[in-house]
Structures are given as structure tokens and as C-alpha cells.
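Read the structure below first, then the notes.
The values are calculated or read from the model by the stated rules, or taken from the named source; none is laboratory data. Since the structure is predicted, the reported quantities are computational estimates derived from the model, not experimental observations. Cβ coordinates were reconstructed from backbone atoms using ideal geometry, including for glycine residues, and neighbour counts include every protein chain displayed. We work out accessible area using only protein heavy atoms, side chains counted, and drop any ligands, DNA or RNA first. Shrake-Rupley method; radii C 1.70, N 1.55, O 1.52, S 1.80 Å.
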Amino acid sequence: PRASPSGAPVRHRAIDRARVAFAVAPPPSRRRAERLAQTRAWVDNTAEVDVPVPIAVVWELWQDKTRIPRWMPWIHSIDVVDETRSRWSLRTNQFGQDFSFSWTATDFPPITREKIHWQSTEGLPNRGAVTFAGGVGGAATNVRIRISYEVPDVLAPFGGAVAPLVENILRADLARFSEFARKVGRAMARSGVGGDDDDA
């Protein structure tokens, strides 16, 4: 073999470098595990909206979980198990594919007219909170939702596109809620304190 200026055969030096690179690089199984760990990292998303309705009305709307699919249509169903547990089913078409996920959530003790929060105990790992803040004069309410979730394996190929997608969905959900709450507020104003949101 041709010798380098230092006297060491060039071919041998190339082989040595290859051996070092092979020794330093993690094995394929470890690389796959590392990629999986990265895709399964928890992601946070937030969205908020100012609702032109008093906080008492807004708070009551969020207390009935069966109403939530009205403004969050990707939530297919919510079955209330007891005072603190509920089963959720999500269905959505994104990236040209249909996806469905489910989980059981346990509610933490709420802070009346300030915060509701939960964590999943089965199914899709997630946790989150909805917070409420009354505006000046009490005629409006700021609603802010924050969710954290572990990206499912089936969504891993879409990488960084998942978080912006979910955030846009949440913003649209809260915009729908604002409109829904506004209609409920108007119905209540027409009929007095005991308005019926079914007219909304």
C-alpha cells in the first residue's frame, strides 16, 4: 500500500478510522430506540379566546362534558363514568388519513370559576387545563386551554407538523366556543336568568 508522509500506510489509516466510527456509532437497535424516544416526547399546546359572556355562564358550559363536542368536533364522544372520571374518543382526518384515539381521564378538584384540569390514566397519555378569567366589568371572560400529550407512534412520521396542527385546531375550537357561548348568553338574556342553551 502507498505510504503517507508520516510513513503509515494510507489504506490502514482509512480502515482504522472506519473502525473508530463503527465503535462510536450506536448500534441500529439503539438508534431506533433513540428516534422513538424523541418522537414520543411530550408536546405542549395552548390557545385562548376572549368570550363576550360573563364568567358564570362560561364556567357552567364547561361543567357539562357532553357539550364539549359541540365546539370541539374532533372529540367524537365523551362518556361520563362518575364524578371524576370520563372516557374520551377522538376522531380526525389529517395528513390525508383517518386517526382515532381514546383515553380515560381523571379530573383533579376544580377551582370554581378559575380552573378545571385533568390527566389521562388509560389510553392516549395526556394532561391539561382550562382556565377562566373575568374581564373588567364582568361582561367578558378569557378562556385559555393548555394540553400536553405524548405523540402517538402513528403520528411520528409527521414530526414537527403535529404541534402546529393541534394548536390551530384548538384555536378553531375556542372560536367555536366563543360563538356558542355568545348564543347561549343571548338566549338567557331573552328568557331571563334561566335561559336554555338548546335554542343556541
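Sub-7 Å Cβ pairs linking a first residue in the stretch 57-74 that is free of Cβ contacts under 8 Å to residues at least 40 places away in the same chain to a second residue that is aliphatic (A, V, I, L, M) and exposed (fewer than 14 other Cβ atoms within 10 Å of the Cβ), at least 6 apart or interchain, are LYS65/VAL80, ordered by first then second residue.
Among the residues examined, PRO157 does not qualify as assigned to a loop (DSSP other than H, G, I, E, B) and either in contact with a helix residue (DSSP H, G or I) (Cβ under 7 Å, 6 or more places away or on another chain) or open to solvent by 30 Å² or more (accessible area, probe 1.4 Å) (or both).
Quick one: which of PRO73, PRO109, PRO69 is under 21 Å from TYR149 (Cα atoms), part of a helix (DSSP H, G or I) and at pLDDT 95 or above? Working first, answer last.
On the way: PRO73 fails: part of a helix (DSSP H, G or I); PRO109 fails: part of a helix (DSSP H, G or I).
The conditions single out PRO69.
Evaluate the stretch 186-200: report whether one residue or more is at pLDDT 95 or above and not in a strand (DSSP E or B). Spell out how you get there, then give the answer.
So the first thing to find is which residues in the stretch 186-200 are at pLDDT 95 or above, and the list is none.
Checked against the condition, which is being at pLDDT 95 or above and not in a strand (DSSP E or B), the stretch 186-200 yields no hits at all.
When ARG91, ARG87, ARG146, ARG127 are checked against the criterion of being open to solvent by 40 Å² or more (accessible area, probe 1.4 Å), touching a residue at least 60 places away in the same chain (Cβ under 8 Å), in a strand (DSSP E or B) and not acidic (Asp, Glu), a single residue qualifies: ARG146.
All of (1) at pLDDT below 95; (2) open to solvent by less than 70 Å² (accessible area, probe 1.4 Å) hold for ARG35 with one exception: (2).
Quick check, is ALA105 hydrophobic (A, V, I, L, M, F, W, C) and without any contact (Cβ under 8 Å) to a residue 24 or more places away in the chain?
Judged against the criteria, ALA105 is a match.
Just one of the numbered conditions (1) under 21 Å from GLU167 (Cα atoms); (2) out of contact with any helix residue (DSSP H, G or I) (no Cβ under 8 Å at 6 or more places or on another chain); (3) surrounded by 15 or more Cβ atoms within 10 Å (Cβ to Cβ) is not true of GLY96: (3).
Residues that are closer than 20 Å to LYS65 by Cα and either at pLDDT below 95 or touching a strand residue (DSSP E or B) at 6+ places or on another chain (Cβ under 8 Å) (or both): does the stretch 148-157 have at least one? If you could, list the steps in order and put the result at the bottom.
The first filter runs over the stretch 148-157 and keeps only residues closer than 20 Å to LYS65 by Cα, leaving 148-149.
Retained after the next criterion (residues that are either at pLDDT below 95 or touching a strand residue (DSSP E or B) at 6+ places or on another chain (Cβ under 8 Å) (or both)): 148-149.
Checked against the condition, which is being closer than 20 Å to LYS65 by Cα and either at pLDDT below 95 or touching a strand residue (DSSP E or B) at 6+ places or on another chain (Cβ under 8 Å) (or both), the stretch 148-157 yields at least one hit.
Which of the residues spanning the stretch 105-124 are over 15 Å from the mean Cα position of the chain (by Cα) and either surrounded by 15 or more Cβ atoms within 10 Å (Cβ to Cβ) or within 22 Å of VAL143 (Cα to Cα) (or both)? Within the stretch 105-124, THR106, ASP107, PHE108, PRO109, PRO110, ILE111, THR112, ARG113, GLU114, LYS115, ILE116 qualify.
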